[in-house]
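Everything on this sheet refers to the single structure shown next.
The values are calculated or read from the model by the stated rules, or taken from the named source; none is laboratory data. These numbers come from a predicted model, not from an experiment. Please note: Cβ atoms are built from the backbone with ideal geometry, for glycine as well, and neighbour counts cover all protein chains shown. To get the accessible areas, we keep the full protein, side chains included, count just its heavy atoms, and leave off ligands, DNA and RNA. Shrake-Rupley method; radii C 1.70, N 1.55, O 1.52, S 1.80 Å.
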Amino acid sequence: MNRIINYLIDVVRGVLFYFSQTKLRTALTLLGITVGVSSIIAIMTVLATFEKSTDQVVADVRTNVFYITRENPIEVSFGNNNKWARNKPKITWSEYEQLKRSLKLTKNMSAVVSEEPSDRTFSVGKKEFKSRLQSFWAADGDMLSLYKYDIVDGRNIQNIDIQNRSRVAIIGSAIKKELFPFVNPVGKEIKIDNIPFEIIALTDEKGEIAGQSMDSMVGIPISTYLKYFGGKWNRTDLQLVLESDSVENIDNATDEAIGVFRAIRKIPPGQPNNFYIATNDQLMDTFGEFTSYLKTFIGLITGISLLVAGIGIANIMLVSLNERIKEIGIRKALGARRSDIFMQFLIEAILISILGGLVGIVLGLSFGNIVALFLEQDPVIPFEWVFYSLQICASMGIIFGLYPAIRASRLNPIDSMRYD
Amino acid sequence: MTKSKKEIIGIRSVSKIYNLGDTVVKALDNVSLSIFENDFISIMGPSGSGKSTLMNIIGCLDVPTNGSYKFNNEKISEMKDSQLADIRNQKIGFVFQTFNLLPKLNALQNVEVPLVYSNLKRLKRTEKAKEALNIVGLSDRINHKPNELSGGQRQRVAIARALVNKPSIILADEPTGNLDSKSGTDILNFFDDLHKAGNTLIIVTHEQSVAKRAKRRIEIFDGKITLDE
Ligand SMILES: Nc1ncnc2c1ncn2[C@@H]1O[C@H](COP(=O)(O)OP(=O)(O)OP(=O)(O)O)[C@@H](O)[C@H]1O
Ligand SMILES: [Mg+2]
């Protein structure tokens, strides 16, 4: 209808004039929206980075591998360590050997001890390597391929090393850089807690995965570990890494392993397992659960940012309240109906807030992505959140824009014209 | 005085009382007044006597505390908001004592406001608004915002806005108060023409020269009508 078209023209004029007359106020409000939207973008960029690195972890482990451990390693590392888990028995060397003899569907099986981070001292002469993130592991030769390390120079741990409990060690590239900056470490001696080991291999550089340096590591044969670091009663808690012959067979192989291990531990039927068994997929699911907590938390921060943006819009609408009540009085005196006022101010509220929101989003996207560039991340546009931002801005604008309009439209024209 | 003309405004025992805590102001005190089609009325009285209050009630902008008001024989108190809005838009042109222009809009847009609420096409709207501004002699100021106009020019924009919808009743609260004698006379001549064309005019004024043009003179003192001739 003509009436509505008339408002639209009137309203657009009014809004443009409004922005041109209140440059400072508008700029401040847009700043609020920009801060809100930018922080969303920045957070989304960080999240995207984080997700990329978890994808990396997933890609770096093999899917026909499964684990038997005392308790869920991810739950433990996130502090979800309940009493029941702590009461489970440690996995012993003899259990490992019995399992290894009985399993048919498992191609490879290693017992692993992994200290991550480890507080052992790695030293050469007087030089010591000390890092918060260093790791120390003990296993057999399969360990390297399980974690996709390549040997740059030297040889892997062999069965003979396991049998002889040889004092041999594999070192990561960060250890070499620190302790053997100019020479080839292979064949040289390294002391682990003052016990001398011969370096048999240097691995390639892996960088970081999920914040963990993969290169600050030293590895030795599992049997040697048990002899020198296993403690008095040799009750070291082992982690068993098993590999089924194919990805398709992994469920059968896991079932078999559960059955055999229960038999070894003589668990009566109906009792729960007193050990933890999981495939890589299941571990990743647990990991995903953690990221979803993270996302909830981020959602909360984002919500607060959006609220800040919304308050900016609300401010724009409220500050002009007196002015608007007077304007509404004049318009009513000149023949505007209540419904006209409602429509006109609704359109105006939506227009101002969406316009403000859009500018804020454009500025926020630019700002957030400049930050992303500095962090050497790919640019992101979180469309979902752009949409939410607009929605929040619009609803804030409507709520705080219509409130004075509705109030004033109920007054008689003279009272609202006098308002100030 | 009046023959068998139609009564378009019937005010019976109307009071407007402002209760300001300890003091009570009777802006209008038991006023009765009949206004007929094609009346040309001047209202005079000292400052604060209730002239604007009476005009606001006649113009359906304010409601009386007591008494009844019939517009074209219909009780205002029983009308819906939309009916009142349409009366203000179509039937009555109001020139406010304080102009009440919209500061955001330029002269042309201000004059267009009543047309926005009267289902008129946009081009037609601009055309009519320009015509009204021409009548008050402001064709060369249509793009000026109120704060870029002199007091007299603002008053003329307010007059143009009251006339733009060609209402049959014109209520003017001191329409020539800010005008020099030349433009004041121009406006009054135009009011004379409107009266001859059959419109009803009610003008509040302090000037005898203005009151003389009216065909019916009303005087107010302390919220009461003291003269009606
Ligand atoms: N909203 C209000 N609240 C309280 N008192 C009011 C209000 N509006 C008007 N009055 C009082 O009512 C009386 C009449 O006011 P009104 O504006 O009608 O005077 P007026 O005759 O138009 O005066 P002027 O010639 O100065 O314009 C005044 O005493 C004024 O103080
Ligand atoms: Mg007055």
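Only one of these is within 15 Å of ligand 1 (Cβ to nearest atom) and either of a type in the set (Asp, Glu) or open to solvent by 10 Å² or more (accessible area, probe 1.4 Å) (or both): B:36, B:94. Name it. First the steps, then the outcome.
On the way: B:36 fails: within 15 Å of ligand 1 (Cβ to nearest atom).
None of the others qualify; the one that does is B:94.
Taking into account only those residues within the stretch A:333-356 that are facing chain B (nearest Cβ under 7 Å) and part of a helix (DSSP H, G or I), which is modelled with the lowest pLDDT?
A:340
Do the conditions hold for residue B:90, that is, is it at the interface with chain A (Cβ under 8 Å from one of its Cβ atoms) and either in contact (Cβ under 8 Å) with a residue 24 or more places away in the chain or part of a helix (DSSP H, G or I) (or both)? Steps first, answer last, please.
Numbers: at the interface with chain A (Cβ under 8 Å from one of its Cβ atoms): yes; either in contact (Cβ under 8 Å) with a residue 24 or more places away in the chain or part of a helix (DSSP H, G or I) (or both): yes.
In short, yes.
Anything in the stretch B:113-127 that is more than 20 Å from the chain's Cα centre (by Cα), within 7 Å of chain A (Cβ to nearest Cβ) and either on the phi < 0 side of the Ramachandran plot or buried (at least 21 other Cβ atoms within 10 Å of the Cβ) (or both)? List them, or say none. Please lay out each step first, then the result.
The first filter runs over the stretch B:113-127 and keeps only residues more than 20 Å from the chain's Cα centre (by Cα), leaving B:119-127.
Checking which are within 7 Å of chain A (Cβ to nearest Cβ) leaves us with B:119-122.
Result: B:120, B:121, B:122.
Need pairs with beta-carbon distance below 6 Å; first residue under 16 Å from residue A:161 (Cβ atoms) and modelled with pLDDT of 75 or more and within the stretch A:139-150, second of a type in the set (Val, Ile, Thr) and open to solvent by 20 Å² or more (accessible area, probe 1.4 Å); sequence gap 6+ or separate chains.
As it stands, the answer is A:140/A:162, since those pairs meet every condition given.
Would you mind finding the one in B:18, B:69 that is within 14 Å of another protein chain (Cβ to nearest Cβ), among the aromatic types (Phe, Trp, Tyr), within 12 Å of ligand 1 (Cβ to nearest atom) and out of contact with any Asp or Glu (no Cβ under 9 Å at 6 or more places or on another chain)?
Values: B:69 fails: within 12 Å of ligand 1 (Cβ to nearest atom).
Just one listed residue meets the conditions, B:18.
Picking from B:53, B:23, which residue would you name as being within 12 Å of ligand 1 (Cβ to nearest atom), within 14 Å of chain A (Cβ to nearest Cβ) and β-branched (Val, Ile, Thr)? Even if it seems obvious, please write down each step before you answer.
Details: B:23 fails: within 14 Å of chain A (Cβ to nearest Cβ).
Sole residue among the options that is within 12 Å of ligand 1 (Cβ to nearest atom), within 14 Å of chain A (Cβ to nearest Cβ) and β-branched (Val, Ile, Thr): B:53.
Quick grid of which residues meet (1) charged (D, E, K, R); (2) within 23 Å of residue B:46 (Cα to Cα); (3) in contact (Cβ under 8 Å) with a residue 40 or more places away in the chain:
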{"position": "B:182", "(1), (2), (3)": "yes, no, no"}
{"position": "B:189", "(1), (2), (3)": "no, no, no"}
{"position": "B:198", "(1), (2), (3)": "no, no, yes"}
{"position": "B:203", "(1), (2), (3)": "no, yes, yes"}
{"position": "B:206", "(1), (2), (3)": "no, yes, yes"}
{"position": "B:211", "(1), (2), (3)": "no, yes, yes"}
{"position": "B:219", "(1), (2), (3)": "yes, yes, yes"}
{"position": "B:222", "(1), (2), (3)": "yes, yes, yes"}
{"position": "B:228", "(1), (2), (3)": "yes, yes, yes"}
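Considering every residue within the stretch B:173-185, establish whether at least one is among the hydroxyl-bearing types (Ser, Thr, Tyr) and touching a Leu at 6+ places or on another chain (Cβ under 7 Å).
Yes, because at least one residue in the stretch B:173-185 is among the hydroxyl-bearing types (Ser, Thr, Tyr) and touching a Leu at 6+ places or on another chain (Cβ under 7 Å).
Take residue B:110 and decide whether it is open to solvent by 10 Å² or more (accessible area, probe 1.4 Å), touching a residue at least 24 places away in the same chain (Cβ under 8 Å) and under 20 Å from the mean Cα position of the chain (by Cα). First the steps, then the outcome.
Values: open to solvent by 10 Å² or more (accessible area, probe 1.4 Å): no; touching a residue at least 24 places away in the same chain (Cβ under 8 Å): yes; under 20 Å from the mean Cα position of the chain (by Cα): yes.
Considered against the rule, which asks whether it is open to solvent by 10 Å² or more (accessible area, probe 1.4 Å), touching a residue at least 24 places away in the same chain (Cβ under 8 Å) and under 20 Å from the mean Cα position of the chain (by Cα), residue B:110 comes out as no.
On the basis of being surrounded by fewer than 21 Cβ atoms within 10 Å (Cβ to Cβ), within 24 Å of residue B:91 (Cα to Cα) and out of contact with any Ser or Thr (no Cβ under 7 Å at 6 or more places or on another chain), does residue B:195 make the cut?
Numbers: surrounded by fewer than 21 Cβ atoms within 10 Å (Cβ to Cβ): yes; within 24 Å of residue B:91 (Cα to Cα): yes; out of contact with any Ser or Thr (no Cβ under 7 Å at 6 or more places or on another chain): yes.
Criteria met by residue B:195.
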